[in-house]
Amino acid sequence: MKKKYQKTQFFLVIFGLMLIVLTYFYYPNIKDEKLKKTENFLNEEIDGEEGQGTTFENVEYKGIYDLDKPFTVKSEKALILNKDPAIVYLENMRVLLYLTDSRVVTIQSDFGKYNKDTYDLFFESNVTSTDGKTKIYSENLELLATENLVKIYNDVIVNDVTGSLRADRVDYDFETRYFKISMFDEERVKMKVIK
């Protein structure tokens, strides 16, 4: 009986040490990396353009997707360079896309670009999109105003009421809910279908 308590105490001590290490060493590094990633994203866009752009906070743009679907772009931080004022570089980007069947698609990412002239949207890093039933996670997503498809790529995970799948690239139509799935190499698509 004493050995059982010793094992339990040993595992509790190990667990406590792991929590201390995670709390004081690992977690602060994650926050530092995210902060550096944010700074690097904006610095890459400004590189060599010091003083050549304007930053804004809590911005909102409205536009039209696919000629009849309104959308709203919101961001915590935005940058517009003087050399190309049509492109807005966004941080903590959120888009609401209103479909004709009254569904609302929400797309979020850490970073992105919005072209004010063409209404094209490019999402980067930790992209999540949902229409209420289908949830899609990826690293990149392109919503081009002139095309019916949304291009989703890099570590794509789709969770739908009918099943889930993993792929390198998915072309998805929010209106019809059809997927075109592909991989960058000859690897098979991993899919789980529930009936």
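What follows is calculated from the coordinates using simple rules that are stated; it is not laboratory data. Here the structure is a predicted model, which means the values were calculated and not measured.
Structure values in brief
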item: Cα-based Rg of segment 83-136 normalised by 2.2 N^0.38 Å, two decimals; result: 1.22
item: Residue-span extension gain [Asp84 to Asn115] - 0.36 nm each, minus C-alpha spacing; result: 10.2 nm
item: Long pairs among Lys116/Lys151; Lys133/Lys180; Lys83/Lys180, criterion Cα-Cα beyond 29 Å; result: Lys83/Lys180
